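K.L.:
Okay, here's the structure, questions in a sec.
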Amino acid sequence: MRMYDLIMKKRNGEALSEEEINYMIKEYTADHIPDYQMSAMMMAIYFQGMSARETVALTMAMAHSGEMMDLSAISGVKVDKHSTGGVGDKTSIALTPMVAACGVKIAKMSGRGLGHTGGTIDKLESFEGFTTGITAEHFVKQVNEIGVSIMGQTMDIAPADKKLYALRDVTATVDNMSLIASSIMSKKLASGADAIVLDVKTGSGAFMKQEADAFALAKEMVTLGNMAGRKTIAVVSDMDQPLGYAVGNALEVEEAIATLRGEGPEDFTQLCMTLGTYMLIAAGAAQTEEEAKQKLSAVIQDGSALKKLAEFVQAQGGDPKAVYDTSLLPKASVAEAIVSAQEGYVKKIDCDEIGICSLLLGGGRETKESVIDLSVGLILHKKVGDFVKSGESLATIYANDRVKLEAASARFMKAYHFDDSQPEKSPFIKGVIRE
Ligand code: URA
């Protein structure tokens, strides 16, 4: 088989066979196919698309390109959760202890932030000493003992995707439905969980800007998961403005903790309750949505979800005292209000711009090697639909550097758009794909 022939076949709009896809992924992972040929293939796929059968073959080939985690040493149903990424997305920090406190085992792999979106691992490192660099043995033991663990993506999980994603990132071939679906699902299948709940974001801060594309991606991933024998459910949720009010690592951890105390923002609480409901149902821990919601509300009210977060933080080397005393989390030296020069209703917020403000403050990475400042970020005071008087505060910026603060606040001002009339509220949860 020759890669040249496969590129020409795809370029001409023909479907690749399973054997051809397996060859291409195996040889590319082994560095036997150069990046320039794979770039040409990605561009051919971008323009010609892939059939459902090809997408399944690509997903399975990438999932099997490295280690398939064996979680059979963990008793019961293991559930994983994955978000397609957004701004202010601190969901895993509140959701995983909530679900674990209901008796469901969470064995999850997470990533770091890149670009304008944050990553769960960076946020969790706001707890001094916390690490996700644990061994597979530690991971399994911890899930058996306390019901929850989050580890970093190891080199051995879906290495083909690791190489391909980096290549797509620099060849303008990321936003293709089959490539995104196979990239996410190959990692999830290789991570070994029995059930997967996906949070597919849509809107200006998301990868899928259009709702129809988010639904198509959700359907594709649910089909892939179920075909591989994993119970898979996808929730499509809004990312047209930041989730909750906090954007920035330690600030988001603080908001997740407030949510576990029952004092969280409405949208974020709704998201945790919705994803939690489907995680409980997927694990067989609740039969109906109502039963699941009751269980999740109970663990917030009796404090057991918050206690589970403290146990989880401690089990991975972090300081659990910060769960009960958030003044122990990293704090920025300067807090400055951004006041509105205009009056009116907030009509729209350019969500990715808010993510970039946090990045400019030092809260995100410009490159994979950048060291991030966990303490910086923003707390929004106004969201879409809120009325703002001239001179009223739109947000507080937390910074450690005045030059960065000025750059972030100039950018922030351009992200808010106003109108004289109140915009219509669109639903936060856009839909659920179960089959
Ligand atoms: N997230 C992934 O893991 N892969 C993609 O292709 C897009 C988002």
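K.L.:
Can you check what the net charge comes to around Gln48, using other residues whose Cβ is under 11 Å from the Cβ of Gln48 (Lys, Arg +1; Asp, Glu -1)?
P.N.:
Local net charge: +1.
K.L.:
Report the Cα centroid-to-centroid distance between the range 299-342 and the range 20-84 in angstrom, as an integer.
P.N.:
The distance from the Cα centre of the range 299-342 to that of the range 20-84 comes to 37 Å.
K.L.:
Report, for the chain, the % of DSSP beta bridges that are antiparallel, rounded to 5.
P.N.:
Taking every DSSP beta bridge within the chain, about 50 percent pair in antiparallel fashion.
K.L.:
What are the ³J(HN,Hα) couplings of the range 303-319, residue after residue, when phi is run through the Karplus curve with 6.51, -1.76, 1.60 and θ = phi - 60°? Round to Hz, x for glycine and proline.
P.N.:
Going residue by residue, I get x, 6, 5, 5, 4, 5, 4, 4, 5, 5, 4, 5, 5, 10, x, x, 8 Hz, with x marking Gly and Pro.
K.L.:
Residues of the range 203-247 with backbone nitrogen within less than 13 Å of a virtual label 7 Å along the Cα-to-Cβ line of Val174, please, listed as ranges.
P.N.:
Once the point is set 7 Å along Cα→Cβ of Val174, 205-209 turn out to lie under 13 Å by backbone N, inside the range 203-247.
K.L.:
Now for a separate question. Given Cβ point charges of +1 (Lys, Arg) and -1 (Asp, Glu) and nothing else, what value in debye, to the nearest 20, does the dipole of the chain about its Cα centre take?
P.N.:
360
K.L.:
So, counting K/R as plus one and D/E as minus one, what does the shell of residues with Cβ under 14 Å around Leu361 add up to?
P.N.:
So the environment of Leu361 carries a net charge of -3.
K.L.:
Percent relative contact order of the chain, based on C-alpha pairs within less than 8 angstrom and at least six residues apart?
P.N.:
With pairs under 8 Å counted, the relative contact order is 19 percent.
K.L.:
In the range 78-325, what percent of the accessible surface is made up of carbon and sulfur (1.4 Å probe, ligands and nucleic acids excluded)?
P.N.:
Here it works out to 50 percent.
K.L.:
Which one of Met208, Met227, Met62 has the biggest mean-square fluctuation once the chain is modelled by GNM with Cα springs under 10 Å?
P.N.:
Largest GNM mean-square fluctuation: Met227.
K.L.:
Would you mind telling me the share, in percent, of accessible area of the range 1-55 contributed by carbon and sulfur at probe 1.4 angstrom? Please report the intermediate quantities before stating the final value.
P.N.:
Values: 1570 of 3090 Å².
Carbon and sulfur together cover 51 percent of it.
K.L.:
Kindly rank 13-25, 410-422 from highest to lowest mean number of other beta carbons found within 10 Å of each residue. Walk me through the numbers on the way to the answer.
P.N.:
Working: 13-25: 17.3, 410-422: 14.7.
So the order, starting with the most tightly packed, is 13-25, 410-422.
K.L.:
Let me ask something else. Given Cβ point charges of +1 (Lys, Arg) and -1 (Asp, Glu) and nothing else, what value in debye, to the nearest 20, does the dipole of the range 276-430 about its Cα centre take?
P.N.:
120
K.L.:
Provide the net charge surrounding Thr131, with neighbours chosen by a C-beta distance below 14 Å and charges set as Lys +1, Arg +1, Asp -1, Glu -1.
P.N.:
Within the 14 Å Cβ shell, the charges total -2.
K.L.:
Using the beta-carbon distance between Thr131 and Asp156 and R0 = 25 Å, what value does 1/(1 + (r/R0)^6) give for FRET efficiency, to the nearest 0.05?
P.N.:
0.85
K.L.:
Which FRET efficiency, nearest 0.05, do Glu14 and Ala166 yield, Cβ-Cβ r, R0 25 Å?
P.N.:
Rounded to the nearest 0.05, the efficiency is 0.40.
K.L.:
Could you check the spin-label model distance between Lys26 and Asp319? Points 7 Å from the Cα along Cα→Cβ, value in nm.
P.N.:
Going by the 7 Å Cα→Cβ label model, 5.2 nm.
K.L.:
Now, a different point. On full extension of the chain, what length is gained from Ala341 through Ala212, given 0.36 nm per residue of separation minus the C-alpha to C-alpha distance?
P.N.:
Contour length minus the Cα-Cα distance gives 42.9 nm.
K.L.:
Kindly report the accessible area of the chain per residue (heavy atoms of protein chains, probe 1.4 Å, no ligands, DNA or RNA), in Å².
P.N.:
41
K.L.:
Enumerate the calculated ³J(HN,Hα) couplings along the range 76-84 in order (Karplus 6.51 cos²θ - 1.76 cosθ + 1.60, θ = phi - 60°), each rounded to whole Hz, writing x wherever the residue is Gly or Pro.
P.N.:
x, 7, 9, 10, 10, 9, 9, 10, 6
K.L.:
Using only Cα atoms and rounding to the nearest 10 degrees, what angle (0 to 90) does helix 211-227 make with the longest principal axis of the chain?
P.N.:
50
K.L.:
Cut-off 10 angstrom, C-alpha nodes, Gaussian network model of the chain. Which of Asp213, Asp161, Asp325 fluctuates the most?
P.N.:
Asp325
K.L.:
Under a point spin-label approximation (7 Å from Cα along Cα-to-Cβ), what is the Arg434-Asp386 distance to one decimal in nm?
P.N.:
3.5
K.L.:
Report the residues of the range 266-301 in range of a label on Lys425: point 7 Å along Cα→C-beta, backbone N strictly under 11 Å from it.
P.N.:
What the label zone holds, given the 11 Å backbone N cut-off, is 266-267.
K.L.:
Name the most mobile residue of Gln342, Gln241, Gln316, meaning the one with the largest mean-square fluctuation, in a Gaussian network model of the chain with Cα contacts below 10 Å.
P.N.:
Gln342
The values are calculated or read from the model by the stated rules, or taken from the named source; none is laboratory data. Since the structure is predicted, the reported quantities are computational estimates derived from the model, not experimental observations. With ideal geometry, Cβ positions are generated from the backbone for all residues, glycine too; neighbour counts draw on all protein chains shown. Please note that ligands, DNA and RNA were not included when accessible areas were found on the heavy atoms of the full protein model with its side chains. Shrake-Rupley method; radii C 1.70, N 1.55, O 1.52, S 1.80 Å.
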